[in-house]
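Step one of this worksheet: look at the structure below.
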Amino acid sequence: QVQLVESGGGLVQAGGSLRLSCSASGRTFSNNAMGWFRQAPGREREFVAAISWNGGSTYYADSVKGRFTISRDNAKNTIWLQMNSLKPEDTAVYYCVADRARATITFLSEYWGQGTQVTVSS
């Protein structure tokens with residue numbers, strides 16, 4: 001059974017940092033793009049960041065560019081999202097995602113984690 005398990009969420013003050021982790025099990029994703037989506041209460045799910053299969057390309061939503069950094073270690077079947085300078089509007093459930101493609105993720109990506117809550121207080 002394929003699983004993506006997120007960790008590292010929590011409560012942080014505005015301006016603070018968190019580091020999300022996503023560990024995959026059940027299959028290797030070393031040839032697949034992975035990334036993060038998020039969903040805030042009452043809002044649609046939105047793209048946050050993605051990383052290509054070998055880490056050679058990264059993509060970010062404009063709202064997080066310059067503050068968030070995505071990385072991966074294929075040997076560990078794990079990706080991370082380093083979030084700095086957090087803002088209250090970053091409050092959301094963050095979902096780890098893996099796609100069959102090598103380049104990036106989309107709303108139609110096949111594999112999704114259960115999500116981890118990130119709350120940023122003002």
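Couple of notes before you dig in:
- Residue in region 12-21 that is open to solvent by 60 Å² or more (accessible area, probe 1.4 Å) and over 23 Å from Asn84 (Cα atoms) present: no
- Number of the condition not met by Phe29 [criteria: (1) of a type in the set (A, V, I, L, M, F, W, C); (2) touching a Pro at 6+ places or on another chain (Cβ under 6 Å); (3) modelled with pLDDT under 95]: (2)
- Residue match in region 99-122 (condition: small (Gly, Ala, Ser), part of a strand (DSSP E or B) and within 11 Å of the chain's Cα centre (by Cα)): no
- Test: Val12 is in contact with a Pro (Cβ under 6 Å, 6 or more places away or on another chain) and modelled with pLDDT of 95 or more: no
- Leading residue by the ranking (farthest from Ala98 (Cα to Cα)) among those in region 76-86 that are open to solvent by 40 Å² or more (accessible area, probe 1.4 Å) and assigned to a loop (DSSP other than H, G, I, E, B): Ser85
- Subset tally (residues that are under 22 Å from Gly42 (Cα atoms), open to solvent by 10 Å² or more (accessible area, probe 1.4 Å) and touching a strand residue (DSSP E or B) at 6+ places or on another chain (Cβ under 9 Å)) for region 87-108: 8
- When residues in region 75-98 are screened for being small (Gly, Ala, Ser) and more than 12 Å from the chain's Cα centre (by Cα), 2 of them pass.
- Verdict on Lys76 being touching a residue at least 12 places away in the same chain (Cβ under 8 Å) and of a type in the set (Lys, Arg): yes
- The set of residues in region 27-75 being part of a loop (DSSP other than H, G, I, E, B), of a type outside the set (A, V, I, L, M), farther than 18 Å from Ser85 by Cβ and open to solvent by less than 60 Å² (accessible area, probe 1.4 Å) consists of Phe29, Ser30, Asn32, Ser52, Gly55, Ser57, Asn74.
The values are calculated or read from the model by the stated rules, or taken from the named source; none is laboratory data. Predicted, not measured: the structure shown is a model, and the values here were computed from it. Note that each Cβ is placed from the backbone with ideal geometry, even for glycine, and that neighbours are counted across all protein chains shown. For accessibility, only protein heavy atoms count, side chains too; no ligands or nucleic acids. Shrake-Rupley method; radii C 1.70, N 1.55, O 1.52, S 1.80 Å.
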